[in-house]
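Enquirer: Below is a structure I'd like to ask you about.
The values are calculated or read from the model by the stated rules, or taken from the named source; none is laboratory data. Keep in mind that this is a model prediction, so the values were computed, not measured. Virtual Cβ from ideal backbone geometry, glycine too; neighbours counted across all protein chains shown.
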Amino acid sequence: MANSGGISDQLFVSVKLESPRLAELDLAPHLFGSHPVPGSWDPCKALPLERAATAVWEFSCVVPSQHESLDFKFVLKRKDDSSQYIIEEGPNRPLGCQSNEFEMRTAVFKLNEGKEVLECKVQVETEMLSPFDLAASWRAHQEYFQPSRVRGTHDVTINPGLEGRAKNGFASGLELDLEKYVVPTPNMGSGVVYAANLTENPRSLLQTGSSSNNDTTKDILHSSTKGDSSSNHYVNTMKSAIGGHAPSLEEQRAMFVDRGVGSPNFARPTKETFSMSNFKLDSESKGMPAAEGAVAAAAVADQMYGPKEDRKLAIVLVGLPARGKTFTAAKLTRYLRWLGHETKHFNVGKYRRLKHGTNQTADFFRGDNREGVEARNEVAALAMEDMLSWMQEGGQVGIFDATNSTRIRRNMLMKMAEGKCKIIFLETLCNDQDVLERNIRLKVQQSPDYAEQTDFEAGVQDFKERLTYYEKVYEPVEEGSYIKMIDMVSGKGGQLKINDISGYLPGRIVFFLVNCHLTPRPILLTRHGESMDNVRGRIGGDPSLSEAGELYSRKLAGFVEKRLKSERTASIWTSTLQRTILTAHPIIGFPKIQWRALDEINAGVCDGMTYDEIKKCKPEEYESRRKDKLRYRYPRGESYLDVIQRLEPVIIELERQRAPVVVIAHQAVLRALYAYFADKPLEEVPNIEIPLHTIIEIQMGVAGVQEKRYKLMDAIHPTAGL
Ligand code: F6P
């Protein structure tokens, strides 16, 4: 912006004072100086700084570039009695005459007759402006300080009904043929992916020399059949690796989890500075989820006090084929991973196909086919071995996906897991014939077992035969800890029965499952329309919309009306920030709900700054965030992991809703929500592309999660971050 410094140029001066104590002490910062009468220094004429963020006060002014010498000082005034003031210690501060000058000397105040010292960070910046720059920035300033247009809006509003929409006229004026707005999803093909294909690769089958494993498997199968619980070969071989001692003080200290990393300035321990022992504090540290808040706290508590085997959890699916086991397992895996728990999904079908081929007929699954039964038990044990080995290496939750429909099979699994992990059986039961018929047909369509079957109806017949063989030997779970999901997939209610469930994670899993269902419905995710801060490149704040943003809000209303016109009901969720509320404003006919949890990532001391300003004025913060954007926590603000934690209730509610939901939120928040649906690893979350003026439609249904993107208009100002 600065130009050559011509005669009519002006010097723009920005002064910032920062301390969280000021608000606590009810002190209002001012500045005063030798102007207008040199040497007058009258504190009564001091100018107040404006509060720019929770702990930051700001003052800006324009002075002639060749101004006479100006000195100033900060003074604090009591809010209740401005005649009382405290002048900063030290020499006067000179106001420079050059462009791009910085002054960072801390302001020191003596409080309580010198008994307490208050230090405030200071930042004084100057920039030479041409009259044109000045005019433009004045206009921006006026727009920026326009009062919130949504103050007083209720958390929940229900505006006119469907009849009202036609009167509004937005939609009719916009001629929306939705398909023409479809744009490709980055890095993703279209079409549904069969969930079992995304499960763990059978490492014991892909490695050579797995014969010893097979021998052990046979031992265990043999002993469990006879009800002999003494054969715990597996337990002994693995036990030494865990080391069953109480944690030492050193270990306990090393278990301290503060996942937020920040700059050394704010004395937050970083990964590098805080590794006190061989224990790692980063996301790879054993048994510690890469998470914040409740998840991290629970992990620490479990590590220190919980029974050793409770630190690892195996969710063992039980159920006849086509009961939605793989779907449920995939959904649970996605949820736990998103929260930061190291979770893997082991699908025994994948092991079977690798070892015995994809085209086994129904006969292979007969209960009286000894060879078939043995072969199936063997691959189940191999998958279990792989899962347990992975847990020894640091895995936390294993989801073991197979029918596990007999007691003998379940006994075998329990024996293998003894002393290594806690097992919870998750049984899916379905009595709705329509749902079953639909699932069977879907399975034949998608499962690799029928990939080579050209006659679809013959495939369905074979699968039904397989099902009857399973039904003959099926024994519902009545042993151990279990969760039974009864008719939950029907979309007509259903219920959950639980037995012997305790602990943080099992409790959370139950809560998640009780809220899940398979009623297909779309979820539309979009950022607010372009805001005044997007235009200026500033982060955070509570700005209103730019002209382009307002246009988007009208286009979005038209889109929502058209896309959801056949739905009986839907709801619009926004954050509590005015840019999302204003974006939702033209949408009528649906209830609108404001969620605090949907507010944008809190940029703390960087709130209101541009990325360039952060780089220039807070280089350590900039660097720390660049190095680890997921875990970096803005001083007095949030990290992406914090955002994920606070979004958990939103995810649960999105799972629970049966009607479509339009979520109008912000870049970081939508990255976190989207990562859940698209099953993106946490490390990728901070860089997921969520462009302005684009709607991401997520379809949740029996076939899994599908995505479609609609771009209603271009985003003029890029808002990519660090
Ligand atoms: O720039 C828009 C914005 O929503 C900011 O308010 C927010 O701080 C930022 O995006 C989040 O993106 P990033 O994490 O890439 O900085």
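Enquirer: Tell me whether region 693-705 contains one or more residues that are within 14 Å of the ligand (Cβ to nearest atom), surrounded by 21 or more Cβ atoms within 10 Å (Cβ to Cβ) and aliphatic (A, V, I, L, M).
Expert: No, region 693-705 contains no residue that is within 14 Å of the ligand (Cβ to nearest atom), surrounded by 21 or more Cβ atoms within 10 Å (Cβ to Cβ) and aliphatic (A, V, I, L, M).
A quick yes/no check of all residues on (1) within 16 Å of the ligand (Cβ to nearest atom); (2) assigned by the TED database to the domain that holds I408; (3) under 20 Å from A329 (Cα atoms):
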{"residue": "T468", "(1), (2), (3)": "no, yes, no"}
{"residue": "I483", "(1), (2), (3)": "no, yes, yes"}
{"residue": "N499", "(1), (2), (3)": "no, yes, yes"}
{"residue": "P506", "(1), (2), (3)": "no, yes, yes"}
{"residue": "I509", "(1), (2), (3)": "no, yes, yes"}
{"residue": "R536", "(1), (2), (3)": "yes, no, no"}
{"residue": "I539", "(1), (2), (3)": "yes, no, no"}
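Enquirer: Further, regarding this structure: Please go through region 478-522 and pick out each residue that is modelled with pLDDT of 90 or more, outside any helix (DSSP H, G or I) and of a type in the set (A, V, I, L, M).
Expert: I483, M485, I486, L496, I498, I501
Enquirer: Do we have any residue at all in region 557-569 that's hydroxyl-bearing (S, T, Y), in contact with a Gly (Cβ under 8 Å, 6 or more places away or on another chain) and more than 16 Å from the ligand (Cβ to nearest atom)?
Expert: So far as region 557-569 goes, no, none of its residues is hydroxyl-bearing (S, T, Y), in contact with a Gly (Cβ under 8 Å, 6 or more places away or on another chain) and more than 16 Å from the ligand (Cβ to nearest atom).
Enquirer: Can you tell me which of (1) buried (at least 18 other Cβ atoms within 10 Å of the Cβ); (2) part of a helix (DSSP H, G or I); (3) in contact (Cβ under 8 Å) with a residue 12 or more places away in the chain is the one E613 doesn't meet?
Expert: Going through (1) buried (at least 18 other Cβ atoms within 10 Å of the Cβ); (2) part of a helix (DSSP H, G or I); (3) in contact (Cβ under 8 Å) with a residue 12 or more places away in the chain one by one, E613 breaks only (3).
Enquirer: Looking only at region 640-667, which residues are assigned to a loop (DSSP other than H, G, I, E, B) and farther than 22 Å from P543 by Cβ? Steps first, please.
Expert: From region 640-667, those assigned to a loop (DSSP other than H, G, I, E, B) are 657-660, 666; that's our starting set.
Of everything in region 640-667, those that are assigned to a loop (DSSP other than H, G, I, E, B) and farther than 22 Å from P543 by Cβ turn out to be Q657, R658, A659, P660.
Enquirer: Given the conditions (1) of a type in the set (D, E, K, R); (2) part of a loop (DSSP other than H, G, I, E, B); (3) closer than 18 Å to P520 by Cβ, report the number of the one that K680 does not fulfil.
Expert: All conditions are met except number (3).
Enquirer: If I ask for residues that are of a type outside the set (K, R) and surrounded by 20 or more Cβ atoms within 10 Å (Cβ to Cβ), which ones from region 76-94 would you list? Write out each step before concluding.
Expert: Of the residues in region 76-94, the ones of a type outside the set (K, R) are 76, 80-92, 94.
The answer is L76, E88.
Enquirer: While we're here: Filter region 319-362 for residues that are in a loop (DSSP other than H, G, I, E, B) and of a type in the set (S, T, Y); which is farthest from Q461 (Cα to Cα)? Walk me through it before giving the result.
Expert: Looking only at region 319-362, we keep the residues that are in a loop (DSSP other than H, G, I, E, B), and these are 319-324, 340-342, 357-361.
Those still in the list that are of a type in the set (S, T, Y) too: 358, 361.
On the way: T358: 17, T361: 11 Å.
Looking at the filtered set, the residue picked out is T358.
Enquirer: Are any of the residues in region 577-596 under 19 Å from I652 (Cβ atoms), without any contact (Cβ under 8 Å) to a residue 40 or more places away in the chain, surrounded by fewer than 19 Cβ atoms within 10 Å (Cβ to Cβ) and not assigned by the TED database to the domain that holds M488?
Expert: So far as region 577-596 goes, yes, one or more of its residues are under 19 Å from I652 (Cβ atoms), without any contact (Cβ under 8 Å) to a residue 40 or more places away in the chain, surrounded by fewer than 19 Cβ atoms within 10 Å (Cβ to Cβ) and not assigned by the TED database to the domain that holds M488.
Enquirer: Looking at Q445, is it at pLDDT below 95 and outside any helix (DSSP H, G or I)? So that I can check it myself, show each step before the final result.
Expert: Details: at pLDDT below 95: yes; outside any helix (DSSP H, G or I): no.
For Q445, the condition - at pLDDT below 95 and outside any helix (DSSP H, G or I) - is not met.
Enquirer: Regarding region 569-584, can at least one residue be identified that is over 24 Å from M700 (Cα atoms), small (G, A, S) and in a loop (DSSP other than H, G, I, E, B)?
Expert: no
Enquirer: May I ask you to say which residue of Y640, Y634 is within 12 Å of the ligand (Cβ to nearest atom), at pLDDT 95 or above and under 16 Å from N687 (Cα atoms)? Walk me through how you get there before you give the answer.
Expert: Numbers: Y634 fails: under 16 Å from N687 (Cα atoms).
The conditions single out Y640.
Enquirer: Consider Y674 carefully, then state whether it is within 16 Å of the ligand (Cβ to nearest atom) and not charged (D, E, K, R). So that I can check it myself, show each step before the final result.
Expert: On the way: within 16 Å of the ligand (Cβ to nearest atom): yes; not charged (D, E, K, R): yes.
Yes: the conditions hold for Y674.
Enquirer: Within region 598-622, work out how many residues are more than 9 Å from the ligand (Cβ to nearest atom) and either among the aliphatic types (A, V, I, L, M) or in the same structural domain as W57 (by the TED database) (or both).
Expert: The number of residues fulfilling the criteria is 4.
Enquirer: For residues in region 309-318 being part of a helix (DSSP H, G or I) and touching a strand residue (DSSP E or B) at 6+ places or on another chain (Cβ under 8 Å), which is modelled with the highest pLDDT?
Expert: Here is the first cut: in region 309-318, the residues part of a helix (DSSP H, G or I) are 309-311.
Checking the rest, the ones that are also touching a strand residue (DSSP E or B) at 6+ places or on another chain (Cβ under 8 Å) come to 309-310.
Working: E309: 54, D310: 63.
Checking each candidate, the answer is D310.
Enquirer: Can you tell me which residue among G608, G637 is more than 22 Å from the chain's Cα centre (by Cα) and assigned to a loop (DSSP other than H, G, I, E, B)?
Expert: Details: G637 fails: more than 22 Å from the chain's Cα centre (by Cα).
Step by step, each of G608, G637 is checked, and only G608 is more than 22 Å from the chain's Cα centre (by Cα) and assigned to a loop (DSSP other than H, G, I, E, B).
Enquirer: Given the structure, is L525 hydrophobic (A, V, I, L, M, F, W, C), within 16 Å of the ligand (Cβ to nearest atom), in a strand (DSSP E or B) and touching a helix residue (DSSP H, G or I) at 6+ places or on another chain (Cβ under 9 Å)? So that I can check it myself, show each step before the final result.
Expert: Values: hydrophobic (A, V, I, L, M, F, W, C): yes; within 16 Å of the ligand (Cβ to nearest atom): yes; in a strand (DSSP E or B): yes; touching a helix residue (DSSP H, G or I) at 6+ places or on another chain (Cβ under 9 Å): yes.
When the stated conditions are applied, L525 passes them.
Enquirer: Moving on to the next point. Taking region 43-82 as the region of interest, how many residues are closer than 18 Å to Q123 by Cα, in a loop (DSSP other than H, G, I, E, B) and of a type outside the set (V, I, T)?
Expert: Keep residues of region 43-82 that are closer than 18 Å to Q123 by Cα, which gives 47-63, 70-76.
This time we only want the ones that are in a loop (DSSP other than H, G, I, E, B), so: 49, 54-55, 70.
Remaining after also requiring of a type outside the set (V, I, T): 49, 55, 70.
Counting residues in region 43-82 that are closer than 18 Å to Q123 by Cα, in a loop (DSSP other than H, G, I, E, B) and of a type outside the set (V, I, T) gives 3.
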